[in-house]
Amino acid sequence: MKITNTLSRIKEPFFPGKKGEVTLYLCGMTVYDCCHLGHARSAIVFDVIRNYLECQGYNVRFVKNFTDVDDKIIARAHQEGCDFQEIVNRYIAAYENDMVRLGVRPPTLAPRATEHIPEIIELIQGLISKGIAYAVSGNVYFEVSRFPSYGKLSGRNLDEMIAGGGGRVEKDENKKNPLDFALWKSAKTGEPSWESPWGNGRPGWHIECSAM
């Protein structure tokens, strides 16, 4: 079996990191609404890969997370006048029901971002200590210019990203660079938050995928 290596851009023979065992990780849904075809496609593709690997005799540990705190989740909760966890639980249940209807098996683990706040904080602290992230007014940002390999996997440089960013580049006067992104967001009134070395806040741009 060969798998395309995103970094080298070529198909390379597959060798598990540990003999007889394979670990898979899929960045799952941000649960503020029902899943769409893109979510279904990724779920089916990974389910096929998992099934094939198990058929070949591998012991597969498959993790697919839920992002359960996010701007869109909070906005939906405010719109409906309910707690953000009600939105989260509703759409996780809807997603799991959709997976049953598609014939997709549950993952080995389905962690939620809010279950791993200590690990997320620890990871952010490590990035700050390495000089790759910085704190401003209760927020913490990843400083892309301090990480030379940023963009290497996508094959794009920083200038191209800024030029093509459009609405995906979040404007924020606290940033050193428009491409810097929030790892931790300071708490606003009425938003869910957790204590951190930088004040009450919540995880930012999908940092939980790295922490978990």
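Report Rg(Cα)/(2.2 N^0.38 Å) for the range 1-127, keeping two decimals.
Expressed relative to 2.2 N^0.38 Å, the Cα Rg reads 1.23.
Given R₀ = 45 Å, what would the calculated FRET efficiency be for residue 3 paired with residue 193, taking r from the Cβ atoms and rounding to 0.05?
0.65
Checking the cross-link filter: which aspartates and glutamates have an alpha carbon closer than 17 Å to that of residue 2, excluding same-chain neighbours under 8 positions apart?
Candidates past the 8-residue exclusion: 12, 21, 54.
With Kirkwood's inverse mean 1/r over C-alpha pairs for Rh, give me the Rg to Rh ratio of the range 67-148, two decimals please.
1.10
Tell me, which longest segment in the chain has none of the GluC sites (Glu not before Pro) that fall in DSSP loops with at most 15 further Cβ atoms within 10 Å?
1-169
Taking the chain as a Gaussian network, where each spring joins two C-alpha atoms under 10 Å apart, which residue of 31, 63, 136 fluctuates the most?
Greatest mean-square fluctuation among the candidates belongs to 136.
Taking the DSSP beta bridges in the chain as the whole, what percent of them are antiparallel, to the nearest 5?
Restricted to the chain, the bridges split so that about 65 percent are antiparallel.
Which three lengths, in whole Å and largest first, does the chain cover when its Cα atoms are put on their principal axes?
Per principal axis, max minus min of the Cα coordinates gives 52, 43, 32 Å.
For the range 1-66, treating each Cα as an identical point scatterer without solvent, what Debye log10 I(q)/I(0) comes out at q = 0.26 1/Å?
-1.21
How many Lys pairs in the range 75-212 lie less than 17 angstrom apart by Cα atoms, where the lysines are 8 or more positions apart or on different chains?
Counting lysine pairs in the range 75-212 gives 4.
Suppose we flag trypsin sites (Lys or Arg not before Pro) only when DSSP calls them loop and at most 16 other Cβ atoms lie within 10 Å. Which is the longest uninterrupted stretch of the chain?
So the longest stretch without any such site is 20-129.
Since every read-out is calculated from the coordinates, none of them should be taken as a lab result. If you're wondering where the values come from, they're calculated on a predicted model, not measured in any experiment. Counting neighbours? That spans all protein chains shown, and the Cβs are built from the backbone with ideal geometry, glycine included.
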